[in-house]
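Read-outs: derived from the displayed coordinates by stated rules, not from any lab. Because the structure is a prediction, the values reported are computed rather than measured. Note that each Cβ is placed from the backbone with ideal geometry, even for glycine, and that neighbours are counted across all protein chains shown.
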Amino acid sequence: MSLRDSIFSLTGAAMLAGCQASLPPLETVAHVDLDRFMGDWYVIANIPTFVEKGAHNAVESYRLDDDGSIATTFTFRKDSFAGPEKQYTPRGFVRNTQTNAEWGMQFIWPIKGDYRIIYLSDDYSLTIIGRTKRDYVWLMARSPALPEGQYREAVDFISKAGYDVAQLERVPQKW
């Protein structure tokens with residue numbers, strides 16, 4: 001499904017929900033082929049956690065382990081392209097094995113943060129990761145840059161998913 005089709009689908013779901021005080025559930029994609037999803041993803045934009053503030057050249061890498069968990073490595077340069085390299089290694093756990101689109105991401109045992117794949121392009125070149133609380137979001141791609149039109153469509157999708165896109169920050173990428 002194209003990003004534009006996903007936006008229209010999400011808009012319809014939001015309209016059906018009406019003007020409720022709470023947001024509709026954050027829907028995930030129908031299915032994720034975990035083997036295809038593995039590998040490197042450049043963080044193009046996000047509503048950053050405190051750890052990610054000032055990140056440059058941010059890359060999230062996934063590897064599916066034999067036990068079904070996902071070894072994750074998040075690397076970036078702090079505050080500039082020449083800043084110190086930071087690396088975090090949370091572990092992902094697939095919570096919904098029917099779709100593979102809902103994970104628990106564990107930075108500290110035993111807490112597993114909400115991690116939902118809410119958009120994934122058919123060719124696995126672009127993804128949007130969200131959380132039910134709509135507090136953090138990540139727009140990631142297989143390449144370090146997106147054409148401006150595609151970026152704007154992704155931001156529109158994020159907005160229609162219930163996020164305050166005024167908080168969205170582009171992550172500087174220079175390779």
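About the Cα centre of the stretch 41-91, how large is the charge dipole given +1 on each Lys and Arg Cβ and -1 on each Asp and Glu Cβ? Please answer in debye to the nearest 20. Provide the component values of the computation, followed by the final result.
Numbers: 6 positive and 7 negative charges, 50 e Å.
So the magnitude is around 240 debye.
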> Once you charge only the Cβ atoms, +1 for Lys and Arg and -1 for Asp and Glu, what is the size of the charge dipole of the chain about its Cα centre, to the nearest 20 debye?
Replying inline: 440
> For P24, what is the net charge nearby, where nearby means another residue's Cβ is under 12 Å from its Cβ and Lys, Arg count +1, Asp, Glu -1?
Replying inline: +1
>> Could you check the spin-label model distance between T89 and D123? Points 7 Å from the Cα along Cα→Cβ, value in nm.
In response: 3.4
>> Placing +1 on the Cβ of each Lys and Arg and -1 on the Cβ of each Asp and Glu in the stretch 3-170, which of G39, G149, G104 has its Cα farthest towards the positive end of the resulting dipole?
In response: G104
>> For Y124, Y163, which order do you get if you count the other beta carbons within 10 Å of each Cβ and list the fewest first?
In response: Y124, Y163
> What is the list of residues in the stretch 142-168 whose amide nitrogen lies under 19 Å from a point 7 angstrom out from the Cα of D40, following Cα to Cβ?
Replying inline: 142-147
> When the helix-only estimate is applied to the chain (DSSP H runs of n ≥ 4, each -39,500 (n - 2.57), divided by the residue count), what is the mean residue ellipticity at 222 nm, nearest 500 deg cm²/dmol?
Replying inline: -5500 deg cm²/dmol
>> Can you give me the orientation-averaged projected area of the convex hull built on the Cα atoms of the stretch 60-101, in nm²?
In response: 3.6
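Quick one: D79, D114, D35, fewest Cβ neighbours within 10 Å first, how do they rank?
Numbers: D79 13, D114 17, D35 9.
With the fewest neighbours first, D79, D114, D35 line up as D35, D79, D114.
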> Mean projection of the alpha-carbon convex hull of the chain over all orientations, in nm²?
Replying inline: 10.4
> Gain in length, Y62 to F50, computed as 0.36 nm per residue apart minus the alpha-carbon separation, to one decimal in nm?
Replying inline: 2.2 nm
> How far, in nm, would the chain grow between D156 and F107 when pulled straight, counting 0.36 nm per residue and subtracting the alpha carbon separation?
Replying inline: 14.7 nm
>> Could you tell me the relative contact order of the chain? Use alpha-carbon pairs under 8 Å, at least six residues apart, and round to a whole percent.
In response: 27
>> Restricted to Cα positions, what overall size does the stretch 35-92 have along the principal axes? Three whole-Å values, descending.
In response: 36, 20, 17
> L23 to R170: FRET efficiency via 1/(1 + (r/R0)^6), r the Cβ-Cβ distance, R0 25 Å, to the nearest 0.05?
Replying inline: 0.55
> Using a simple charge model, +1 on the beta-carbon of Lys and Arg, -1 on the beta-carbon of Asp and Glu, nothing else, what dipole does the stretch 114-175 show about its Cα centre, in debye to the nearest 20?
Replying inline: 160
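Within a Cβ distance under 11 Å of D79, other residues only, what is the Lys/Arg minus Asp/Glu net charge?
Summing Lys/Arg as +1 and Asp/Glu as -1 gives +4.
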>> Quick check on the stretch 103-164: what are the equivalent-ellipsoid semi-axes from the Cα gyration tensor, as sqrt(5λ), descending, whole Å?
In response: 23, 14, 9
> What's the local net charge at V43, with K and R +1, D and E -1, over the other residues with C-beta under 9 Å away?
Replying inline: -2
